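Since the structure comes first, as structure tokens, the remarks are kept for the end.
Any read-out appearing in this document is the output of simple, stated calculations on the displayed coordinates, not a laboratory observation. Source: prediction; values computed, not measured. Cβ sites come from the backbone with ideal geometry, for glycine too, and all protein chains shown count toward neighbours.
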Amino acid sequence: MSLMDIFRHNIRYYRYMKNYSQEKLGEMSGLSTHYISDIERGRYSPTIPVIERISKALDISPHLLFAENSEAKHLSARVDIHRKK
């Protein structure tokens, strides 16, 4: 698995462990929901400052986003539906 694949799987894994939607992670990190989605899908490679913002929002050390994690690879797909009030 490539480093980018490990990274994107780990973002998704830690986001799920915090029970954050992509929208919530975007708000916490100051990034757009679309950008978070594109990172998780491997469409964009974030810069170091963006990686720092994401890790801070997830309250984890940045190096954990690059460490192989067998649980992150096997995370099942989940659909979050949020209705506006």
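Report the calculated FRET efficiency for GLU27 and GLU52 (r = Cβ-Cβ distance, R0 = 22 Å), to the nearest 0.05.
Given R0 = 22 Å and the Cβ-Cβ separation, E is 0.85.
Tell me, what HN-Hα J-couplings in whole Hz come from the Karplus equation 6.51 cos²θ - 1.76 cosθ + 1.60 at θ = phi - 60° for each residue of region 17-22, using x for Gly and Pro?
Per residue, the Karplus-derived 3J(HN,Hα) values read 5, 8, 6, 9, 7, 4 Hz.
With +1 on each Lys and Arg Cβ and -1 on each Asp and Glu Cβ, how big is the dipole of region 6-56 about its Cα centre, in debye rounded to the nearest 20?
My answer is approximately 140 debye.
From the phi angles alone, apply the Karplus equation (6.51, -1.76, 1.60; θ = phi - 60°) to region 26-43 and give each ³J(HN,Hα) in whole Hz, x where the residue is Gly or Pro.
Karplus-based 3J(HN,Hα) across region 26-43 equals x, 4, 5, 9, x, 10, 6, 4, 5, 5, 4, 4, 5, 5, 5, 8, x, 7 Hz.
Could you work out how much longer the chain between GLU68 and ASN19 gets when fully extended? Use 0.36 nm per residue separation minus the Cα distance between them, nm to one decimal.
That works out to 15.6 nm of additional length.
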